Amino acid sequence: MDPVAGSIAKKELLEQPQDGAPRPIRAAPPPFLTKTYDLVEDPSTDQVVSWSCNGDSFVVWDPRVFTEVLIPRLFKHNNFSSFIRQLHTYVLECASQTHFVY
């Protein structure tokens, strides 16, 4: 399942189904999750961060490059600990001790 929902147009929010019941409003995902998803999804970053083999988590293969190069592209810092702390607001724990798998 794709962790990031697509944006919803205002028109879609206002449309009603055939039975006349109002359609529920879906909130957009938080920017942190959208940016992280885009970063992991980008094939040019696969040497540094990529999806796991089964696609239900991602692996940070090179924490140094991830911290010094990739994090500052999308966030206002280059602190790996801050990134992990923010990630923990959405993910319960790290899935591996040998690599950073979330």
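Points to keep in mind about this one:
- Test: residue in segment 1-22 that is modelled with pLDDT of 65 or more, surrounded by 11 or more Cβ atoms within 10 Å (Cβ to Cβ), among the hydrophobic types (A, V, I, L, M, F, W, C) and within 18 Å of THR89 (Cα to Cα): no
- Near pairs, Cβ below 6 angstrom, 6+ apart or cross-chain, from segment 59-73 (more than 17 Å from GLU41 (Cβ to Cβ)) to any residue that is in a helix (DSSP H, G or I): PRO63/PHE80; THR67/PHE80
- Count - residues of segment 49-58 that are part of a strand (DSSP E or B) and free of Cβ contacts under 8 Å to residues at least 12 places away in the same chain: 2
- Count of segment 38-48 residues, restricted to those that are in contact with an Asp or Glu (Cβ under 8 Å, 6 or more places away or on another chain) and either surrounded by fewer than 16 Cβ atoms within 10 Å (Cβ to Cβ) or not in a loop (DSSP other than H, G, I, E, B) (or both), is 1.
- Extreme residue, surrounded by the most Cβ atoms within 10 Å (Cβ to Cβ), among residues of segment 51-102 that are hydroxyl-bearing (Ser, Thr, Tyr), under 16 Å from LYS35 (Cβ atoms) and modelled with pLDDT of 85 or more: THR67
The values are calculated or read from the model by the stated rules, or taken from the named source; none is laboratory data. Since we're looking at a predicted model, the values are computed, not measured. Neighbour counts run over all protein chains shown; Cβ positions are idealised from the backbone, glycine included.
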